[in-house]
Amino acid sequence: MDIVVIVLGIAVAVSLFTWIASLLTRDYSWVDRIWSIVPIVYVAAFWAATGFSEPRLTIMTVLVALWGARLTFNFARKGGYRGVEDYRWPILRERMSPAQFQVFNLLFIVIFQNALLLLISLPALVAFQNQAVPVGMLDLALAALFLALLIGEFVADQQQWEFQKNKAAAIAAGEEPVARFVTTGLWRFSRHPNFFFEQAQWWVFYAIGAVALGSALHWTLVGPVLLTALFIGSTIFTESITRERYPEYVDYQRSTSMLIPWIPRQRRAAAADAAAG
């Protein structure tokens, strides 16, 4: 059977599973639970179709497997596989009628997000279709960049994890936390450094497919573009909730880049004043 048909079949089956599971359990985070797993399956399927022998697809599968292992670990330790639902969905359910939310669940949570997981994996299809192109130094450089971004995301998530753990411990001890949200480490340079590194990895993955094709632009660009659009929209919504909880978050927004790590604005202003003086 054609590998594309197989991968599409897996995507349809996964989508049906997450939709039916959400209806049966009234828990709408099933896509979150398979998010770090199914891209590995899709990419590995193309690798398997080469007899596990194509070097570029070997590299791509290993990279996505490492990405998935890290994300699965981080999701699991936050309780994602113990029935903890995305905190944004109950808020949306309050703002929508039951019928509106079910339409949102089917079209966005299930169909759009599952389609996106397939789309970001499809540079592997480009590599599969261009197996005659040998692996070169550019492939290796991109793989190294992917790993660097993966490490960056691990560090950002670990800093957030340590902050939340210390905050919970302070509250449990009846003490006032030093801060109510993390603003140190990588979070000093970006309000969401983990989001930045996550997106950047999939742009690099797209670039590996571009190397195989020999063209900087190809149709699988739609994957990272839609992923970035999703993250931007999700971040805006998430930050609106955070501002309601913590009014001082507005000051953090004013001083710190949303996604791309950059020098905080107060430090840039101080540097400009020093240069002018």
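Is it true that Gly152 is part of a loop (DSSP other than H, G, I, E, B) and either within 23 Å of Arg265 (Cβ to Cβ) or open to solvent by 30 Å² or more (accessible area, probe 1.4 Å) (or both)? No; evaluated as a whole, the condition is false for this residue. Filtered by the rule that a residue be under 20 Å from the mean Cα position of the chain (by Cα) and among the polar types (S, T, N, Q), segment 74-110 gives Asn74, Asn105.
All conditions but one from (1) closer than 21 Å to Trp262 by Cβ; (2) out of contact with any Pro (no Cβ under 7 Å at 6 or more places or on another chain) apply to Pro193; the one that does not is (2). Residues that are open to solvent by 60 Å² or more (accessible area, probe 1.4 Å) and either part of a helix (DSSP H, G or I) or of a type outside the set (A, V, I, L, M, F, W, C) (or both) within segment 1-23 comprise Asp2, Val5, Ile6, Leu8, Val12, Leu16, Phe17, Trp19, Ile20, Leu23, listed in sequence order. Where the second residue is acidic (Asp, Glu) and open to solvent by 30 Å² or more (accessible area, probe 1.4 Å) and the first is closer than 18 Å to Met258 by Cα and lies in segment 169-188, which pairs have Cβ atoms under 6 Å and are six or more apart or on separate chains? Correct list of pairs: empty, since none qualify. Cβ separations smaller than 8 Å between residues 6+ apart or across chains give the following pairs from segment 53-71 residues that are without any contact (Cβ under 8 Å) to a residue 24 or more places away in the chain and within 15 Å of Tyr42 (Cα to Cα) to residues that are among the hydrophobic types (A, V, I, L, M, F, W, C) and open to solvent by 40 Å² or more (accessible area, probe 1.4 Å): Thr58/Trp47; Thr58/Phe52.
From Val133, Val110, which residue is touching a residue at least 12 places away in the same chain (Cβ under 8 Å) and assigned to a loop (DSSP other than H, G, I, E, B)?
Working: Val110 fails: assigned to a loop (DSSP other than H, G, I, E, B).
Step by step, each of Val133, Val110 is checked, and only Val133 is touching a residue at least 12 places away in the same chain (Cβ under 8 Å) and assigned to a loop (DSSP other than H, G, I, E, B).
Residues that are polar (S, T, N, Q) and under 13 Å from the mean Cα position of the chain (by Cα) within segment 203-235 comprise Thr228, Ser234, Thr235, listed in sequence order.
Against the numbered list (1) of a type in the set (Val, Ile, Thr); (2) in contact (Cβ under 8 Å) with a residue 12 or more places away in the chain; (3) open to solvent by less than 50 Å² (accessible area, probe 1.4 Å), Val250 comes up short only at (2). In segment 191-219, of all residues being within 18 Å of Phe146 (Cα to Cα) and without any contact (Cβ under 8 Å) to a residue 40 or more places away in the chain, the one that is surrounded by the fewest Cβ atoms within 10 Å (Cβ to Cβ) corresponds to Ala216.
Under the condition of being open to solvent by less than 10 Å² (accessible area, probe 1.4 Å) and more than 17 Å from Val133 (Cβ to Cβ), the residues counted in segment 43-60 number 1.
The values are calculated or read from the model by the stated rules, or taken from the named source; none is laboratory data. These numbers come from a predicted model, not from an experiment. Cβ sites come from the backbone with ideal geometry, for glycine too, and all protein chains shown count toward neighbours. For accessibility, only protein heavy atoms count, side chains too; no ligands or nucleic acids. Shrake-Rupley method; radii C 1.70, N 1.55, O 1.52, S 1.80 Å.
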